[in-house]
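Some notes on the structure that comes next.
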Amino acid sequence: MGDGISSRIRGSGKRRRKTGGRRRATVVAAWSAAALVLIGGSGAGYVYFKLNGNLKGVDINAQLGGDRPADSGDGSQNILVLGSDSRSGANAEYGRDGGGARSDTAMVVHLYKGHKKASVVSVPRDTLIDRPACTDSDGAAVGGQRLVMFNTAYEVGGPACAVKTVEQMSGLRMDHYIEVDFTGFKKLIDTLGGVKITTTQNIDDPKSHLKLAPGTHTLNGEQSLGLVRTRHSVGDGSDLGRIQLQQSFIKALIERVKSVGVFSNPKRLYDLADTATRAITPDSQLDTVNKLVGFAGGLKELGAQDVHMVTLPVRYDPQDPNRVLPLPAAGRQVWTALKQDKPIPASATRDSAGDKGSAHSVVNSG
């Protein structure tokens, strides 16, 4: 992958124009969905049957077979958290699909051994990569392709192809897969009672339909969706700026999940568990409440301060400023650190376009 892409890099490639019009999904809710199920499962065992009926799993292992990176075996875990921009069903209000559903937001969540800390690597949807050949959910063969956008992997081959693409890029085995959509995200935030954030500047994005003055706000589901889709009024107006907003919002969301008092409120407890299980599509190893509860048990001690978030090191493509190109050496630093269950070094992202800009400081938790 590196040679084909590296030969195209001739400069810093500042983004010259902004794209817009497509409304996209995000998966920031999926980070806390399993933790919410833990809350529900711990005090509401009598609803397991109903909650199990909400879950529809995807058998990633069967589709990918044995040609995959080896399991680390050290107790750490890697989870691909993904969202699609499908407009089917309740998502139709966000516009028409420009083709098949694509992965709008992708995050590789690495839980370190002991599961007391985590690193999250956001993969920009516009990253040009070499997509491997894969098999779609119907068993049909999908050919590989050079220098295509990362999000086309989900479009042509579904979840398994997205997982295979990430595994080829990173050399890491994805132990789990979690996906969420527009409607699930909004309902999850509303069921939580909103998420409290503080904005440091005015946000007015006509594409995401979000207007926020500087100050503290408790965002409902629709506003939260608008925030994590916003890019035109923050930073350089790119998807990299949007990722920075998403990462800031995730931290606020984690804190909200941890602060919600549900054990004394059985109705809220059930509503959260019900919404969380409806919001996500997990892999087949997490497609029952019992499995999710076991998985979520490893997340319950994580707070926002324990989660380190970065964007895959990239630079703008000088031939097309609406695409980004991986920085191979810096990317290897990121993936090698995770493979060795070590913190991601600051030097890995220092020269990345995703680490620059002002969008990081626009939103703070609480």
* **Search result, residues across segment 162-180 that are open to solvent by 20 Å² or more (accessible area, probe 1.4 Å) and in contact with a Cys (Cβ under 8 Å, 6 or more places away or on another chain)** => K164
* What are the residues in segment 266-303 that are under 23 Å from L64 (Cβ atoms) and of a type in the set (D, E, K, R), if any? -> D283, D287, K291
* Could we say that K50 is modelled with pLDDT under 90, within 25 Å of K291 (Cα to Cα) and surrounded by fewer than 18 Cβ atoms within 10 Å (Cβ to Cβ) here? -> yes
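Tell me yes or no: at least one residue of segment 216-223 is part of a strand (DSSP E or B), modelled with pLDDT of 95 or more and not hydroxyl-bearing (S, T, Y).
Filtering segment 216-223 down to residues part of a strand (DSSP E or B) leaves 216-219.
Now narrow it down to the ones that are modelled with pLDDT of 95 or more: 216-219.
Remaining after also requiring not hydroxyl-bearing (S, T, Y): 217, 219.
Yes, there is a match, as at least one residue in segment 216-223 is part of a strand (DSSP E or B), modelled with pLDDT of 95 or more and not hydroxyl-bearing (S, T, Y).
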* Report, ordered by the first and then the second residue, all pairs with beta carbons closer than 7 Å, sequence separation of six or more or different chains, a first member in segment 210-223 that is within 15 Å of E255 (Cα to Cα), and a second member that is in a loop (DSSP other than H, G, I, E, B). => T218/G194; L219/G194
* Structure fact -> Every listed condition ((1) in contact with a His (Cβ under 6 Å, 6 or more places away or on another chain); (2) modelled with pLDDT under 95) holds for S119 save (2)
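Pick out the one residue from K339, K300 that is among the charged types (D, E, K, R), in contact with a helix residue (DSSP H, G or I) (Cβ under 9 Å, 6 or more places away or on another chain) and either open to solvent by less than 10 Å² (accessible area, probe 1.4 Å) or closer than 23 Å to R125 by Cα (or both). Explain how you work it out, then say what you get.
Details: K300 fails: either open to solvent by less than 10 Å² (accessible area, probe 1.4 Å) or closer than 23 Å to R125 by Cα (or both).
Sole residue among the options that is among the charged types (D, E, K, R), in contact with a helix residue (DSSP H, G or I) (Cβ under 9 Å, 6 or more places away or on another chain) and either open to solvent by less than 10 Å² (accessible area, probe 1.4 Å) or closer than 23 Å to R125 by Cα (or both): K339.
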* Given the residues T198, T191, T183, which is the only one that is open to solvent by 10 Å² or more (accessible area, probe 1.4 Å) and part of a strand (DSSP E or B)? -> T198
* Structure fact -> Over segment 150-180, the set of residues in a strand (DSSP E or B) and of a type in the set (D, E, K, R) is E179
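Can you find a residue in segment 126-149 that is assigned to a helix (DSSP H, G or I) and buried (at least 19 other Cβ atoms within 10 Å of the Cβ)?
Of segment 126-149, the ones assigned to a helix (DSSP H, G or I) are none.
No, segment 126-149 has no match at all.
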* Structure fact -> Of L172, L147, L188, the only residue that is in contact (Cβ under 8 Å) with a residue 24 or more places away in the chain and either farther than 21 Å from W335 by Cα or among the small types (G, A, S) (or both) is L188
* For P159, indicate whether it is touching a residue at least 24 places away in the same chain (Cβ under 8 Å) and crowded, with 22+ Cβ neighbours inside 10 Å. => yes
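The values are calculated or read from the model by the stated rules, or taken from the named source; none is laboratory data. Remember, predicted model here, so these are calculated numbers, not experimental data. In this analysis, Cβ positions are derived from the backbone assuming ideal geometry, glycine residues included, and neighbour counts consider all displayed protein chains. In case anyone asks, the SASA skips ligands and DNA or RNA and just uses the protein heavy atoms, side chains included. Shrake-Rupley method; radii C 1.70, N 1.55, O 1.52, S 1.80 Å.
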